[in-house]
Amino acid sequence: METRQARLWLRLFAIFIGYLLASQAGLLLATINQNASPFWPATGFAIFCAITVGNAALLPIALGAFLTNYLVPSPLPTAVLIAAGNTLEAFIGYSIF
């Protein structure tokens, strides 16, 4: 049982790191300002992770989205709202599939 939990925590950490990398790639395409990109590859990554791992993937997605937006830098309330929106879009995409 411990091995299964360890694998789950490793997957969740990998999702967190993967989301950070995908969002950094999206920020490289930002044109309007530092955190507004016309293409956000992290959304596709988040939906894929939610489909393959389940609801447990939403926590590292939310944390990754928050950290990405907080480090842009965005004010704390803005980073929280954007992270909530990114997590919600991953959940809705996961629910549709």
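The values are calculated or read from the model by the stated rules, or taken from the named source; none is laboratory data. Please read these numbers as outputs of a predicted model, since none were measured by experiment. Glycine gets a Cβ as well: all are built from the backbone with ideal geometry, and neighbour counts include every protein chain shown.
Has the range 86-97 got any residue that is in a loop (DSSP other than H, G, I, E, B), surrounded by fewer than 17 Cβ atoms within 10 Å (Cβ to Cβ) and not basic (Lys, Arg)?
yes
Can you tell me which residues in the range 46-71 are surrounded by fewer than 17 Cβ atoms within 10 Å (Cβ to Cβ) and of a type in the set (Val, Ile, Thr)?
Result: Ile51, Thr52.
Mind listing whichever residues of the range 4-37 are assigned to a loop (DSSP other than H, G, I, E, B) and farther than 20 Å from Leu88 by Cβ?
Scanning the range 4-37 gives Leu28, Leu29, Ala30, Thr31, Ile32, Gln34.
If you take the residues in the range 82-92 that are within 13 Å of the chain's Cα centre (by Cα) and not polar (S, T, N, Q), which one is nearest to Ile47 (Cα to Cα)?
Ala90
Output the residue which, of all residues in the range 72-85 that are among the aliphatic types (A, V, I, L, M) and without any contact (Cβ under 8 Å) to a residue 40 or more places away in the chain, is surrounded by the fewest Cβ atoms within 10 Å (Cβ to Cβ).
Among those residues, the one meeting the criterion is Leu76.
Residue check: is Ile61 under 16 Å from Phe91 (Cβ atoms) and at pLDDT 95 or above?
Against the criterion (under 16 Å from Phe91 (Cβ atoms) and at pLDDT 95 or above), Ile61 qualifies.
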